[in-house]
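The values are calculated or read from the model by the stated rules, or taken from the named source; none is laboratory data. Here the structure is a predicted model, which is why all the values come from computation and not from measurement. As a convention, Cβ positions derive from the backbone with ideal geometry for all residues, glycine included, and neighbour counts pool all protein chains shown. Heavy atoms of the whole protein, side chains included, go into the accessibility calculation; ligands, DNA and RNA do not. Shrake-Rupley method; radii C 1.70, N 1.55, O 1.52, S 1.80 Å.
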Amino acid sequence: MAGSGPLGVPTARWKRHIVRQLRQRDRAQKALFLELVPAYNRLLEKAELLAWISEKLQPEPNDVTPTTLQGPWEEDSGPDSDEIPSPTTLRVKWQEEEEGLRRVCGEMAYQVVEKSAALGALESTLEERQSRLAALEAHVAELQEARARHARQVDAQRELNAAQRAAYEALRAHARLQEAALRRLEEEARDLLERLVQRKARAAAERNLRLERLEKAKQAQVSLELKKAAKRTVSISESPHSVSQGIREEAETLAPTAEPLSLKSEAGDKWKRPFRSASATSLTLSRCVDVVKELLDFKKRRGHSVGGAPEQRYQSIPVCVAARPPTQVQDVLDAHLSEVNAVCFGPSSSLLATGGADRLIQLWNVVGGRLEANQTLEGAGGSITSVDFDPSVRGLSLSDMVCLLCGLPNPLSMIWEALRQPLPQLSGLRDVASVQVQVKGLRLPLPSFQGSQVLAATYNQAAQIWKVGEVQSKETLSGHTDKVTAAKFKLTRHQAVTGSRDRTVKEWDLGRAYCSRTINVLSYCNDVVCGDHVIISGHYDQKIRFWDSRVPCCTQVIPVQGRVTSLNLSYDQLHLLSCSRDDTLKVIDLRVSNIRQVFRADGFRCGSDWTKAVFSPDRSYALAGSWDGALYIWDVDTGKLEGSLRGPHCTAINAVAWCASGSHVVSVDQARKVVLWR
């Protein structure tokens, strides 16, 4: 190849192309003139002959002799000169031939003109076709180059596909090995779990047997003490001070008998004081309560309580008797990097959790009317839509305490023994060695439980669990196919319920971190709450559905006007508060499964599909935030608007929370603000 032209075609190719075009042009033009050239040659020959004859026939001007009329043929004619035609005849004859030749010449000239015009048209057509042919050849060359380039790309892609196929086969082989190993590990884990359960069962049986024996021994000792006390008499005219002193001494006598064997302190010594009070069998109910109060407030030595633990380690967890609506702002913080979607108080009313669209959960301590940063929980895969603390003393109501105090046949010994045993509803407190429940001045020391958990629903199709004190997520509950909008603990900290926009509600066994049940709820689920055996879900299709954990189908449906944005269950689990996009709050009496009250207010509007409304701890009030940043409070008993509060919020309030003691309210909005009210 000598070189390439402008279009990348080799030089030899365009030369051959030019030669081929010239030959084709010669053939085309020659074909047009093949008929015209012979006729034109004949015409020229005849014209020359006529010109020569005309010259011969022209007479000389001065020659009038007969010899001038003789032509060259006269010499050859000889004796036949009489047959020679006359010049006039010849002239006429030649004129006729000349006229015929002229007509032929005219026709030939006309044909020449027509052929020339046709030739010009053919030449223009030829040039146009040649230009089109050149363009097509250039396009063909480009297409060939593109084809070659694509062929190279296809080859490269085939090589890449072959490499990826080999890698995929290797991954499949590795996955099969991993699955086999996982099955082996699962079998080993099941075996270990069965052995652990059996061992725990044996240990529990042995422990129960020991405790039963200890209980029988204690009951026998208490019976003996009561028999001894019944034999002693006291004068009726004894002063109240002496009676109180006698009860105090009786508590001093009975408390060490109920003290746990594991506690080793100075309070373990037996007290030997004379019994001077009335008989224990004659105590009334009010006197029993006073005895318990005196017993639990008594301190044998400075710095020690009845249980032997230092007094500074007690933490008072108040139970709300009568909540008061908030009236003023105590603290305002920009808590998150973007809008705050969820808020929840901890079991002690001094711990607060907030979750936002920045994928963080912030823990706060409520100290002296201020919010102090405690910890930041990280690792969420999406925006936080709901937060919840694990169950604790939030479920211990005033009625439970009264039943606990009044429902026992022997208050002094049985109350202390009941309080000494771990209560399942009191799990989840953090860094508290001992707990007191305060009801109208009565302080009951309760055992402590270490470690509280936070459950959060996220937009990454999962719910996550954190342990307070640990930064990273402890467990991830994955299985939904759309955003998880709600996540709540059940009454036991080992179970949870999540609701999602994939139209399902899932129950989770947190001990094994797997989904124990999936409920198809037919519509987007915006919020869920849990009772003893019931799960209540609020939906986008303007319905509230009830699901029994023991029954596979829906047990009841309550329609409401507007999409349900939130649900809140009262502490006694008898009333349900729903908030919906028709800008109303509804109180549903679960005993009759009917809407009891509907709350409305001028200016109140839900700001989003996840606006949260809550009951006060004593169910006296209902609280919700509006789109304009105002808090609206309704009286549940009268159904009237108690009042509205306007403060630092300038955008829609997403969620509110009322602490278990009833003293504080927290609201969060779309402008990153967290506001503490009192």
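For the reader, a short list of remarks on this structure follows.
- Leu574-Gln542 FRET efficiency (beta carbon distance; Förster radius 25 Å; 0.05 resolution): 0.60
- Highest average packing first - 181-189, 222-230, Cβ atoms within 10 Å: 222-230, 181-189
- Asp637-Gln561 FRET efficiency (beta carbon distance; Förster radius 22 Å; 0.05 resolution): 0.40
- The charge dipole of the stretch 137-239, taken about its Cα centre with unit charges on the Cβ atoms of Lys, Arg (+1), Asp and Glu (-1) only, comes to about 1380 debye.
- For Ser644, the accessible surface of its heavy atoms amounts to roughly 60 Å² (probe 1.4 Å, protein chains only, rounded to the nearest 10).
- Inter-label distance, nm, simple model (7 Å from Cα along the C-beta direction), Lys115/Leu36: 0.5 nm
- Under the shape rule built on the C-alpha gyration tensor, where the axes satisfy a ≥ b ≥ c, the stretch 556-657 is prolate, since a/c reaches at least 1.5 and a/b is greater than b/c.
- Gained length - Thr518 relative to Thr476, 0.36 nm times residue gap less alpha-carbon distance: 13.5 nm
- Asp527 exposes around 10 Å² of accessible area when a 1.4 Å probe is run over every protein chain in place.
- Placed amide H near Tyr621: partners under 5 Å, 5+ positions off or other chain: Ser616, Val636
- Paramagnetic label zone (point 7 Å from Cα along Cα-to-C-beta, Glu137; backbone N under 18 Å) in the stretch 18-39: 18-28
- Gyration tensor verdict on the stretch 328-397 (Cα atoms; rounded if a/c is under 1.5, prolate if a/b is larger than b/c, oblate otherwise): oblate
- Peptide packing: for 541-548, 372-379, the average count of neighbouring Cβ atoms within 10 Å per residue gives the ranking 541-548, 372-379, highest mean first.
- Computed label-point distance, nm, for sites Leu192 and Leu209 using a 7 Å Cα→Cβ extension: 2.9 nm
- Distance in nm between pseudo-label sites at Arg165 and Trp52 (7 Å out along the Cβ direction from Cα): 9.1 nm
- Listed peptides 147-160, 98-111, 338-351 by packing density, highest first (mean Cβ within 10 Å): 338-351, 98-111, 147-160
- What the phi angles of the stretch 171-177 give under the Karplus curve with 6.51, -1.76 and 1.60, with θ = phi - 60°, is a coupling list of 5, 5, 4, 5, 5, 4, 5 Hz, glycine and proline written as x.
- For the stretch 521-575, alpha-carbon Rg relative to the globular expectation (2.2 N^0.38 Å, N residues): 1.07
- For the cross-link pairs Lys490/Lys543; Lys467/Lys543; Lys93/Lys115; Lys46/Lys115; Lys46/Lys93, the ones whose C-alpha atoms lie over 25 Å apart are Lys467/Lys543; Lys93/Lys115.
- Estimated FRET transfer efficiency (Glu107, Ala146; beta-carbon r; R0 60 Å; 0.05): 0.60
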